Amino acid sequence: MSFPTRKAGASEAMIKRIVLFSLLAVLVALVVSARASAQENFYVGYDGYAGFQGPIWAARDLGLFKKYGVNGDLVLVPGSTRAMAALLSGNVHVAQGSATAPIAGRLRGAEIVIVAAALNKLPFSVVAQKEIRKPSDLVGKKIGILSYGGSTDLAVALALKEWNIPRQAVTILAAGGAPERLASLSSKVIDATVVSPPETVAAEHLGMTNLANLSELKASFPMTVITVRRAYLEKNRDTVKRFVRAYSEAIYQFKNNKEKALAVYAGRLKQQNPAVLEATYQYYAPMFSFPPRLIREGVRNAFEMVSERNPDIKGDINLEQFIDQSIIDELEKEGFFKGLR
């Protein structure tokens with residue numbers, strides 16, 4: 001005995017179930033794929049232990065990577081050459097450091113671009129022997145830096161340029177890290193050097209002259225920028241955008257939430273002295289750029305310095321080859337920055 005109506009009904013119900021299950025399977029696959037994409041490892045290279053690293057530390061330590069769906073972790077890559085090599089090899093997805101390295105790399109053909117900047121000022125102070133009271137007193141004196149071509153060398157070059165002091169009017173010596181330079185200053189092996197907190201506090205305790213805060217120079221300089229490979233940006237724009245969101249909020253938190261910022265500094269600098277932490281915060285927090293836009297004049301300054309120090313590098317001064325601020329533009333149009341205030 002047959003029941004065609006029931007069989008047809010059963011068949012329709014089965015088909016509906018199959019279609020439903022298929023749709024659910026596709027939906028689950030899409031969700032899993034999206035989650036997997038959001039949770040891919042994202043490595044951020046940074047170049048040292050100083051207060052101007054604050055925003056990238058905060059992005060990790062305040063849980064902002066996680067908040068914006070970035071499975072991010074930090075990788076210490078000391079030295080600009082190593083940082084660019086790590087970026088180009090794909091060992092890190094973005095690199096934070098001075099703009100001179102990516103500018104030099106781009107002029108040599110590397111397909112990299114700067115997408116954001118946390119610091120458009122030089123985060124150093126010139127400290128000198130107590131008898132040196134003004135910049136012109138540096139003529140004929142010895143100035144200690146970390147290394148030739150590095151950020152401290154660039155800082156001295158910009159300062160001398162603004163003070164109208166020819167570079168050849170002083171002697172610039174590679175004198176080691178900040179502690180070694182302070183020791184050389186104390187023993188009068190050198191006459192001046194460039195340092196940042198907490199070393200500025202130590203220099204004051206030694207009775208040295210705080211000759212100038214270089215963040216107050218007229219010239220801007222992209223000291224702390226975020227660089228990414230162009231190919232990675234094109235293929236993973238959403239990931240980079242989520243990273244820039246986290247980075248931007250980290251800067252905002254640093255500038256507006258001192259308690260959180262001090263906690264980040266205490267952990268990362270291994271420093272528990274409240275006075276030193278406070279001085280470090282007060283020195284750096286006002287300098288950070290929010291939104292994290294590059295100042296084009298600063299990029300031009302960096303380009304000129306790279307060209308002066310690398311005569312083998314050939315290139316024009318078309319700034320667009322070095323920067324891509326389209327993500328910053330998008331976030332601004334979307335009201336992201338205003339939403340943080």
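The values are calculated or read from the model by the stated rules, or taken from the named source; none is laboratory data. Since this is a predicted model, take the numbers as computed values, not measurements. Cβ atoms come from the backbone with ideal geometry, glycine included; neighbour counts cover every protein chain shown.
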Exercise for review: Can you work out which of the residues in the stretch 61-82 that are among the aliphatic types (A, V, I, L, M) and free of Cβ contacts under 8 Å to residues at least 60 places away in the same chain is nearest to Ser98 (Cα to Cα)?
Suggested key: Val77
Exercise for review: Tell me, yes or no, whether the stretch 153-164 has at least one residue that is farther than 30 Å from Arg245 by Cβ, at pLDDT 95 or above, buried (at least 22 other Cβ atoms within 10 Å of the Cβ) and not small (Gly, Ala, Ser).
Suggested key: no
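Quick grid of which residues meet (1) within 13 Å of the chain's Cα centre (by Cα); (2) among the aliphatic types (A, V, I, L, M); (3) modelled with pLDDT under 95:
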site: Trp57; (1), (2), (3): yes, no, no
site: Leu74; (1), (2), (3): yes, yes, no
site: Gly97; (1), (2), (3): yes, no, yes
site: Arg106; (1), (2), (3): no, no, yes
site: Ile114; (1), (2), (3): yes, yes, no
site: Phe124; (1), (2), (3): no, no, yes
Point to revise | Checklist (1) part of a strand (DSSP E or B); (2) in contact with a helix residue (DSSP H, G or I) (Cβ under 8 Å, 6 or more places away or on another chain); (3) without any contact (Cβ under 8 Å) to a residue 60 or more places away in the chain applied to Ser147, failing item | key: (1)
Review point. In the stretch 100-124, what count of residues is obtained for those that are assigned to a loop (DSSP other than H, G, I, E, B) and under 21 Å from Val195 (Cβ atoms)?
Key: 5
Revision key, fill the gap. Within the stretch 315-331, residues surrounded by 12 or more Cβ atoms within 10 Å (Cβ to Cβ) and within 19 Å of Val228 (Cβ to Cβ) come out as Leu319, Gln321, Phe322, Ile323, Asp324, Gln325, Ser326, Ile327, Ile328, Asp329, Glu330, Leu331
Check your understanding: Can you name the residue in the stretch 242-262 that is without any contact (Cβ under 8 Å) to a residue 40 or more places away in the chain and part of a helix (DSSP H, G or I) and is also surrounded by the fewest Cβ atoms within 10 Å (Cβ to Cβ) among such residues?
Key -> Glu259
Practice item. Search the stretch 276-291 for residues that are farther than 13 Å from Ala50 by Cα and pair each with any residue that is hydroxyl-bearing (Ser, Thr, Tyr) and part of a helix (DSSP H, G or I) when their beta-carbon atoms are under 6 Å apart and the residues are at least 6 apart or on different chains. Key: Met287/Ser215; Phe290/Tyr252
